[in-house]
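Below is one structure, written out as structure tokens; comments come after it.
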Amino acid sequence: DGHYICFVCNRRCNPVFIDKVNTLYIAIHIVYVNGMNIEQNIDFELGRLRKVAWRMDALFYIPRTNISVGLDNILGLIPVVGDALTALPSLWLINEARKLGASPGTLAYMTLNTVLDFFVGMVPVIGDIFDVLYNANIRNYRALERNLNKKTAHARTVRTAQKSVVWDQPNLLA
């Protein structure tokens, strides 16, 4: 009927992944704790997002200053098209934050940063100066990191089920 006993929660569910081990069907679904997908490698995902954010806003620093220049600033010099192109990685960053379980408030803050960066960045000269000083992608990454750290601190400890040696009947209640 499409429902199996889930290997993770030991309940009937409509799983994402089904595997047949001997004669037992094992169903595994994505597990969420406090809105966070705990089956993702959070550190790996945050590393990817950090790399994109820093390439967009801080590819290199101007010598003897604390001013960073990134792809967002360079492409932003092209009127309208450059700002539209630099909005794409910013929107991707927001979408990935949503997948990682960022709170709606954090997503709204990140969206506001991106919209502000896009529209102010379209103004000639002033927009380019704003882009160099504002660094919306780095702000968005830091907001996501703060939010996930806060969620992690509030998450309850989850006791994992021990598996029996015989895989035909996993002992999920031990």
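A short reminder: the numbers here are calculations on the coordinates, not readings from a lab. Everything numeric here is computed off the predicted structure, so don't read it as measured data. A quick note on method: Cβ atoms are made from the backbone with ideal geometry, for glycine too, and the neighbour counts reach across all protein chains shown.
Relative protection proxy for 85-94, 64-73, from highest mean packing down: 85-94, 64-73 (other beta-carbon atoms within 10 angstrom). Past the 23 angstrom mark, what percentage of all C-alpha to C-alpha distances in region 32-130 do you count? In whole percent, the share of Cα-Cα pairs in region 32-130 beyond 23 Å is 33.
Relative contact order of region 57-128, taken over Cα pairs closer than 8 Å and 6 or more residues apart, is 25 percent. Sorted on the mean count of surrounding Cβ atoms within 10 Å across their residues, most packed first, peptides 118-125, 132-139 read 132-139, 118-125.
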